[in-house]
């Protein structure tokens with residue numbers, strides 16, 4: 001399901017887009033699967049990446065037990081209580097809190113668990129927090145100062161190769177760093193024939209200004225991080241911050257992990273980490289019917305076959321004076337079952353005042369699509385909004401005759417302008 005998702009595939013990471021605009025782009029479940037920070041860290045740890053240790057908790061009592069265990073195992077007097085949702089900027093919304101004693105652990109967990117956390121990436125509706133990660137304090141005093149870095153591994157779309165992007169300015173909004181101080185953003189492109197080379201890991205450590213034990217540990221960190229990225233078929237790792245501790249250890253304090261959903265058949269254990277409670281219920285339902293669906297804020301539902309046609313259909317709706325209520329792609333086939341599923345999903349939105357079905361009949365014949373629309377309409381019963389069906393391609397004329405002769409509250413069109421005029425007409429009453 002394609003969706004607007006901020007930051008994890010932001011404009012900084014999309015080389016084909018400018019850095020100065022709002023950090024959103026199209027990505028989503030048909031391309032990638034998100035997991036929680038604690039899950040991402042466990043994956044990294046299994047490949048030898050040093051992480052900020054932590055224990056997940058779903059209640060304040062579990063959070064207290066986790067803090068006691070961290071004290072025993074890692075001598076961590078203070079802990080950090082971190083909300084676990086699929087969005088960044090949690091600290092800005094009050095979802096990351098330091099706890100200096102057991103009473104504060106319980107209080108922090110009580111405050112965070114169950115809250116509707118609003119961050120720059122959730123939108124104004126926010127996301128409900130169902131669990132927290134109780135993590136060890138890694139900002140302990142020592143001989144040298146701590147230092148935060150930024151690091152991500154992802155596909156460079158311009159070159160078609162993986163790259164490591166990194167900066168000395170960790171812990172900050174990386175888009176802001178790129179806009180104001182672009183010279184502090186470094187990129188290391190990886191040749192797929194040979195993979196990450198030792199000299200590249202050393203170059204990264206050098207550019208980050210490290211020396212001695214910290215430099216050696218960063219080299220190991222980078223190598224392990226890339227190995228994990230490659231082995232699990234990830235689409236993106238984003239570690240912000242990567243921390244140099246006061247005793248010169250390098251570790252991941254945060255972990256945003258995006259997985260290539262098309263490769264999940266090779267990683268059943270990772271596929272099992274999917275948290276459906278973090279996803280839009282309607283989109284989850286659409287996915288069960290193999291439909292690609294995104295809810296928008298308009299008043300005209302869209303049902304199409306093909307992402308390009310979907311974009312054109314949304315343009316038509318806007319030109320006709322309406323606003324698209326969704327993006328729904330039924331894919332290469334449009335039979336009675338898929339059309340019925342599409343109707344049921346679109347009609348869950350009370351803002352929908354009309355539905356525009358725009359299908360190009362190439363492989364699938366238009367008359368079969370028309371019959372599918374008729375069958376689905378009759379099976380569902382009384383649909384409370386008008387439906388415009390625009391079918392073009394193989395047997396389009398026959399399809400129009402079927403629609404016109406059905407006796408249903410369905411308007412047929414062949415030309416795009418005709419469909420746009422019908423949208424204007426039904427919206428105008």
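Take region 165-190 and flag every residue that is surrounded by 13 or more Cβ atoms within 10 Å (Cβ to Cβ) and assigned to a helix (DSSP H, G or I).
174, 175, 176, 177, 178, 179, 184 - these are the residues of region 165-190 that are surrounded by 13 or more Cβ atoms within 10 Å (Cβ to Cβ) and assigned to a helix (DSSP H, G or I).
Restricting to region 210-240, give me the number of residues that are touching a residue at least 24 places away in the same chain (Cβ under 8 Å) and touching a helix residue (DSSP H, G or I) at 6+ places or on another chain (Cβ under 9 Å). Don't jump to the end; show me each part of the working.
From region 210-240, those touching a residue at least 24 places away in the same chain (Cβ under 8 Å) are 210, 212-214, 217-218, 220-240; that's our starting set.
Applying the additional criterion that residues be touching a helix residue (DSSP H, G or I) at 6+ places or on another chain (Cβ under 9 Å) yields 210, 214, 217-218, 220-226, 228, 232-240.
The number of residues fulfilling the criteria is 21.
Can you pull out every residue in region 313-332 that is over 22 Å from residue 351 (Cβ atoms) and touching a helix residue (DSSP H, G or I) at 6+ places or on another chain (Cβ under 9 Å)? Reasoning before the result, please.
Of the residues in region 313-332, the ones over 22 Å from residue 351 (Cβ atoms) are 331-332.
Matches in region 313-332: 331 only.
Output the number of the condition that residue 76 fails; it satisfies all remaining conditions of (1) under 21 Å from residue 241 (Cα atoms); (2) under 30 Å from the mean Cα position of the chain (by Cα).
The one condition residue 76 does not meet is (2).
Could you please let me know if residue 179 is touching a strand residue (DSSP E or B) at 6+ places or on another chain (Cβ under 7 Å) and in the same structural domain as residue 33 (by TED's automatic domain parsing)?
On the way: touching a strand residue (DSSP E or B) at 6+ places or on another chain (Cβ under 7 Å): no; in the same structural domain as residue 33 (by TED's automatic domain parsing): yes.
Criteria not met by residue 179.
Inside region 326-341, can you point out the residues that are assigned to a loop (DSSP other than H, G, I, E, B) and buried (at least 24 other Cβ atoms within 10 Å of the Cβ)?
First pass over region 326-341, keeping only residues assigned to a loop (DSSP other than H, G, I, E, B): 330-335.
Listed by number, the residues that qualify are 330, 334.
For region 222-256, how many residues are under 21 Å from the mean Cα position of the chain (by Cα), under 18 Å from residue 54 (Cβ atoms) and assigned to a loop (DSSP other than H, G, I, E, B)?
Counting residues in region 222-256 that are under 21 Å from the mean Cα position of the chain (by Cα), under 18 Å from residue 54 (Cβ atoms) and assigned to a loop (DSSP other than H, G, I, E, B) gives 3.
I'm told residue 344 meets every condition in (1) over 20 Å from residue 287 (Cα atoms); (2) surrounded by 15 or more Cβ atoms within 10 Å (Cβ to Cβ) except one. Can you identify the failing condition by its number?
Of the numbered conditions (1) over 20 Å from residue 287 (Cα atoms); (2) surrounded by 15 or more Cβ atoms within 10 Å (Cβ to Cβ), the odd one out for residue 344 is (1).
Can you name the strands (runs of 3 or more DSSP E) wholly within region 342-429 that have at least 2 residues being closer than 16 Å to residue 301 by Cα and under 35 Å from the mean Cα position of the chain (by Cα)? Steps first, answer last, please.
On the way: elements: 354-361, 387-393, 410-413.
Where strands (runs of 3 or more DSSP E) fall fully within region 342-429 and carry at least 2 residues being closer than 16 Å to residue 301 by Cα and under 35 Å from the mean Cα position of the chain (by Cα), they are 354-361, 387-393.
For region 14-28, indicate whether the set of residues that are modelled with pLDDT of 50 or more and within 30 Å of residue 181 (Cβ to Cβ) is non-empty. Steps first, answer last, please.
Of the residues in region 14-28, the ones modelled with pLDDT of 50 or more are none.
No, the conditions are met nowhere in region 14-28.
Could we say that residue 259 is surrounded by 15 or more Cβ atoms within 10 Å (Cβ to Cβ), modelled with pLDDT under 95 and either more than 23 Å from the chain's Cα centre (by Cα) or closer than 25 Å to residue 134 by Cα (or both) here?
On the way: surrounded by 15 or more Cβ atoms within 10 Å (Cβ to Cβ): yes; modelled with pLDDT under 95: yes; either more than 23 Å from the chain's Cα centre (by Cα) or closer than 25 Å to residue 134 by Cα (or both): yes.
Spelling it out, residue 259 is indeed surrounded by 15 or more Cβ atoms within 10 Å (Cβ to Cβ), modelled with pLDDT under 95 and either more than 23 Å from the chain's Cα centre (by Cα) or closer than 25 Å to residue 134 by Cα (or both).
Tell me which residues, restricted to region 95-130, are surrounded by 18 or more Cβ atoms within 10 Å (Cβ to Cβ), outside any helix (DSSP H, G or I) and in contact with a helix residue (DSSP H, G or I) (Cβ under 8 Å, 6 or more places away or on another chain).
95, 97, 99, 113, 117, 118, 119, 122, 127, 129
The values are calculated or read from the model by the stated rules, or taken from the named source; none is laboratory data. Just so we're clear, the structure is a prediction, and the values are computed from it rather than from any experiment. Cβ coordinates were reconstructed from backbone atoms using ideal geometry, including for glycine residues, and neighbour counts include every protein chain displayed.
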